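The values are calculated or read from the model by the stated rules, or taken from the named source; none is laboratory data. Please read all numbers here as calculations on a predicted model, not as lab measurements. Don't worry about glycine lacking a Cβ; one is built from the backbone with ideal geometry, like all the others, and counts go over all protein chains shown.
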């Protein structure tokens, strides 16, 4: 089967390829989904569904060595569908603040200035629109390359790069505002 050639030097059958993807990507996908949805049970369900859909779409998977981006794209689409369903049925956006602590809630070891900076950064990221938060998370938390980010977001690579730079600029402006209000 030609599908697995770039994910590994070995030729896999479909089941072996899916097993390998699960071993290599399930933990970070689970973290990505959990962080976005803030609902552990739903995150587990969507992780499972991600691999079910990947198994069904293996024949559509054109091997580019981007299994990670392929899985992230599926997970993102599932999260969007779940968000739409929740919004329709419960008439609210996904956010159960008690399920998962934000990074700002996790104290860092070290001095209070560093802790405060971490809190300010987390607050600035939280103020970003959803698309900007997502690209920041894909690049810095999930450590995806721009090519993979573009695949996940289904945009050209230059668009992904531009969006990331705009999001970083927004964070800088927010941090500057936060700093200037503290000095007043």
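What are the residue pairs meeting all of these: first residue in segment 165-183, first residue under 15 Å from residue 117 (Cβ atoms) and assigned by TED's automatic domain parsing to the domain that holds residue 138, second residue in a helix (DSSP H, G or I) and modelled with pLDDT of 90 or more, Cβ atoms under 9 Å, and 6 or more apart or on different chains?
none
If we only count helices (runs of 4 or more DSSP H) wholly inside segment 20-131, which ones have 3 or more residues that are more than 27 Å from residue 161 (Cβ to Cβ), assigned by TED's automatic domain parsing to the domain that holds residue 165 and at pLDDT below 85? Working first, answer last.
Values: elements: 40-56, 67-90, 112-126.
Passing ranges, in order: 112-126.
For residue 66, only one of the following conditions fails: (1) within 15 Å of the chain's Cα centre (by Cα); (2) touching a residue at least 60 places away in the same chain (Cβ under 8 Å). What is its number?
(1)
Regarding residue 144, is this residue in contact with a helix residue (DSSP H, G or I) (Cβ under 9 Å, 6 or more places away or on another chain), assigned to a loop (DSSP other than H, G, I, E, B), on the phi < 0 side of the Ramachandran plot and crowded, with 18+ Cβ neighbours inside 10 Å? Can you show your working first?
Details: in contact with a helix residue (DSSP H, G or I) (Cβ under 9 Å, 6 or more places away or on another chain): yes; assigned to a loop (DSSP other than H, G, I, E, B): yes; on the phi < 0 side of the Ramachandran plot: yes; crowded, with 18+ Cβ neighbours inside 10 Å: yes.
It is true that residue 144 is in contact with a helix residue (DSSP H, G or I) (Cβ under 9 Å, 6 or more places away or on another chain), assigned to a loop (DSSP other than H, G, I, E, B), on the phi < 0 side of the Ramachandran plot and crowded, with 18+ Cβ neighbours inside 10 Å.
Taking only pairs six or more apart or across chains, which ones have beta-carbon atoms under 7 Å, a first residue in segment 21-33 that is surrounded by fewer than 16 Cβ atoms within 10 Å (Cβ to Cβ), and a second residue that is in a helix (DSSP H, G or I)?
Every condition considered, the pairs that remain are 26/47.
Can you name the residue in segment 5-19 that is touching a helix residue (DSSP H, G or I) at 6+ places or on another chain (Cβ under 7 Å) and under 17 Å from residue 72 (Cα atoms) and is also modelled with the lowest pLDDT among such residues?
Going through the qualifying residues, I end up with 7.
Residue 134 versus (1) in a helix (DSSP H, G or I); (2) outside the structural domain of residue 17 (by TED's automatic domain parsing); (3) modelled with pLDDT of 85 or more; (4) in contact with a helix residue (DSSP H, G or I) (Cβ under 7 Å, 6 or more places away or on another chain): which is the lone unmet condition?
All conditions pass for residue 134, except number (4).
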